[in-house]
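In what follows, a structure is listed as structure tokens, so that the remarks can point back to it.
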Amino acid sequence: MSDKILPLPESVRSQLRSGITITSVSQCVEELVLNSLDAGATCVAVRVDLHIFRIQVIDNGHGIRHKDLKILGKRHATSKCRSVDDINRNLSHYGFRGEALASMVDVSAIIDITSRARSSTETYTKLFTYGKEKSVTSATAQRPSVGTTITIQDFMYNMPVRRKLIKDTIDIENIRMRLESFALIHPKNISKESGDDNISGSLRHNKLCSQGDSYRDSSTSMNIQSEKKFTENINTKHNQNALVKSS
């Protein structure tokens with residue numbers, strides 16, 4: 001090893017930064033849910049399968065426009081901050097640095113972002129594979145309503161040591177606690193209740209849904225389940241269950 005001081009390559013810098021920004025499965029879920037809340041979502045579905053390191057968050061926020069999808073996922077790309085003055089004004093959003101999603105891109109084998117903007121009838125998708133972005137394309141399956149779906153596959157594929165620290169029981173409990181905290185922070189537009197659903201290793205909660213939302217007639221709930229099989233057929237209709245699963 002040379003004793004000469006040299007700057008780290010950009011790829012190394014990016015991965016080191018990402019490892020600090022996104023440190024766990026529960027933090028990844030939290031950042032995605034906070035993005036949904038920033039987008040005005042009143043209903044959020046979360047699915048996590050730790051057996052295959054897959055994470056999915058579906059919301060009914062205002063969606064992402066086609067032109068914005070083109071830059072989405074790049075570091076420091078954000079719609080919430082334009083200047084230092086914005087930061088000093090006590091931002092009303094949770095995120096504004098443009099770091100979280102870019103960091104997820106660096107530590108995930110595949111990220112699929114599918115969205116239908118409030119001003120559009122079309123659904124578009126953007127794919128990242130091993131940190132490389134693909135062009136924005138029209139989605140094969142059109143969303144029936146406005147909102148965004150983010151699916152992460154093979155989370156922390158390039159961080160084997162950190163992956164070994166992921167423990168099903170502990171991480172699922174951390175996710176549950178963080179989701180419950182959102183309900184406490186937003187008591188006026190998020191309802192929750194818990195109860196035993198007679199499934200071993202599982203808890204049942206209401207979706208993160210506004211009581212005044214168009215989904216208000218739904219009696220669905222959020223299941224935090226200990227199951228190995230991840231549901232591949234994603235139903236984005238109003239009666240969809242939000243599942244947080246582990247193997």
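The values are calculated or read from the model by the stated rules, or taken from the named source; none is laboratory data. Computed from a predicted structure; not experimentally measured. As a convention, Cβ positions derive from the backbone with ideal geometry for all residues, glycine included, and neighbour counts pool all protein chains shown.
Listed by first and then second residue, the pairs with beta-carbon distance under 6 Å, at least 6 apart or on different chains, first residue in the stretch 27-43 and in contact (Cβ under 8 Å) with a residue 24 or more places away in the chain, second of a type in the set (Gly, Ala, Ser) and outside any loop (DSSP other than H, G, I, E, B), are GLU31/ALA100. From the list VAL105, VAL136, the lone residue that is surrounded by fewer than 22 Cβ atoms within 10 Å (Cβ to Cβ) and in contact with a strand residue (DSSP E or B) (Cβ under 9 Å, 6 or more places away or on another chain) is VAL136. The set of residues in the stretch 106-142 being over 25 Å from ILE52 (Cα atoms) and touching a Lys or Arg at 6+ places or on another chain (Cβ under 6 Å) consists of ARG116, ALA117, THR123, VAL136.
Checked against (1) assigned to a loop (DSSP other than H, G, I, E, B); (2) under 20 Å from ARG163 (Cβ atoms), GLY63 passes all but condition (2). Taken as a whole, the condition of being at pLDDT 95 or above and either touching an Asp or Glu at 6+ places or on another chain (Cβ under 7 Å) or of a type in the set (Gly, Ala, Ser) (or both) applies to SER138.
Residues of the stretch 129-153 being more than 16 Å from VAL57 (Cα to Cα) and of a type in the set (A, V, I, L, M, F, W, C), which ones? Within the stretch 129-153, VAL136, ALA139, ALA141 qualify. In the stretch 89-108, the condition of being part of a strand (DSSP E or B), at pLDDT 90 or above and of a type in the set (Gly, Ala, Ser) is met by at least one residue. Candidates are the residues of the stretch 159-205 that are closer than 26 Å to ALA109 by Cβ and either in a loop (DSSP other than H, G, I, E, B) or of a type in the set (Asp, Glu) (or both); the one that is modelled with the lowest pLDDT is ASP168.
Hey, does the stretch 35-51 have a residue that's among the hydroxyl-bearing types (Ser, Thr, Tyr) and either loosely packed, with under 15 Cβ neighbours inside 10 Å or at pLDDT 90 or above (or both)? No: the stretch 35-51 contains no residue that is among the hydroxyl-bearing types (Ser, Thr, Tyr) and either loosely packed, with under 15 Cβ neighbours inside 10 Å or at pLDDT 90 or above (or both). I'd like to know if the stretch 128-136 contains one or more residues that are touching a residue at least 24 places away in the same chain (Cβ under 8 Å) and among the hydrophobic types (A, V, I, L, M, F, W, C). There is at least one residue in the stretch 128-136 that is touching a residue at least 24 places away in the same chain (Cβ under 8 Å) and among the hydrophobic types (A, V, I, L, M, F, W, C).
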